[in-house]
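Take a look at the structure below.
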Amino acid sequence: MISHTDPVTIVSIGSFSRMTYLSIKALRHYHEMGLLEPAQIDPTSGYRSYDTGQVPTAQVIRRLRELDMPLEEIREVVASDDPQVRNSVIAHHLGRVEKQLAQTQATVSGLRNLLDPPTAGPMTFRTVEPAIAVGRTATLTMDEFAPWWVATFDELIADVTAAGLTPTGAKGSLYTGDFFERDSGGEVTAFVPCVLPDHEVDLPSPVELPGLDVAAMVHPGSLHELDRTYWRLGTEVANRSIGVDGPIREYYMVGPHETDDESAWRTEVCWPVFRTN
């Protein structure tokens, strides 16, 4: 429990509420959840009383709830007599909060940027040649994608390096239409193109990347705002009525595995089109 050294005095639940900024309803709820037991409960009326030594614990609970810490983790904090255990649980949650804050800041930045027209390189047309790659495929929703993308490319790059293979081009991803269109998600393939050896190596199954004609546009900067380049490229393809069914490709020419400087990142988005002159 959170320790205290001052003399304690039994007070009513109303006085305790004012001392802790916790409503009576919240105090009753935390009692029912086993987070904060009253010092006394009148056996006849069921009226709860607290002692002033419980104020530090109540204030810790309130602050942790303001940070949206799950109740189970708060219970672990207030029930432990080991400061290292308490600090570890709190530090783990603060890491989650900081990550959420960074995501919120990126979203706010993206919303501000929507006030301006999207910026990207000019649209170009090219033929992507067939290729063999080392890759992994999964069915994912939008929410599941980011952590899978990071972990999968870490694994693919480590596998390719360990096997002594040489990449033959920029790593990339393929996205089926279902990934964008369905809440249940769709198929995504992450790949690193490379020449596979004749002998067997301990790698995921090779991925065959078919050749196709694409309209391409290079997105500068953070992947969080990649949708702006999709907006501009998709609009130009639609205006020319040249789009065809097929997975969209992204090629990470410069990305997080090359530099931490997001302003230096360059991602090529490739939209399938029928052959044009």
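The values are calculated or read from the model by the stated rules, or taken from the named source; none is laboratory data. This one's a predicted model, so the numbers in the text were calculated from it and none came from an experiment. Every residue, glycine as well, gets a Cβ built from its backbone with ideal geometry; the counts of neighbours run over all protein chains shown.
Scan the stretch 38-56 residue by residue and report those that are assigned to a loop (DSSP other than H, G, I, E, B) and surrounded by 13 or more Cβ atoms within 10 Å (Cβ to Cβ). Let's see the steps before the verdict.
Here is the first cut: in the stretch 38-56, the residues assigned to a loop (DSSP other than H, G, I, E, B) are 38-39, 42-47.
Selection gives 38, 39.
Filter the stretch 57-107 down to residues that are modelled with pLDDT under 85, over 30 Å from residue 147 (Cα atoms), assigned to a helix (DSSP H, G or I) and small (Gly, Ala, Ser), then give me how many there are.
Final tally of qualifying residues: 1.
Would you tally the residues in the stretch 225-258 being within 18 Å of residue 188 (Cα to Cα), touching a residue at least 60 places away in the same chain (Cβ under 8 Å) and hydroxyl-bearing (Ser, Thr, Tyr)?
Total satisfying the criteria: 2.
Just to be sure before I move on: is residue 168 in contact (Cβ under 8 Å) with a residue 60 or more places away in the chain, surrounded by fewer than 16 Cβ atoms within 10 Å (Cβ to Cβ) and closer than 26 Å to residue 213 by Cβ in the structure I sent?
Details: in contact (Cβ under 8 Å) with a residue 60 or more places away in the chain: no; surrounded by fewer than 16 Cβ atoms within 10 Å (Cβ to Cβ): yes; closer than 26 Å to residue 213 by Cβ: yes.
When the stated conditions are applied, residue 168 does not pass them.
State all residues of the stretch 219-257 that are acidic (Asp, Glu) and touching a Phe, Trp or Tyr at 6+ places or on another chain (Cβ under 8 Å); if no residue qualifies, say none. Working first, answer last.
Pass one, the stretch 219-257, residues acidic (Asp, Glu): 225, 227, 236, 245, 250.
If the condition is that a residue be acidic (Asp, Glu) and touching a Phe, Trp or Tyr at 6+ places or on another chain (Cβ under 8 Å), then 250 is the only one that fits.
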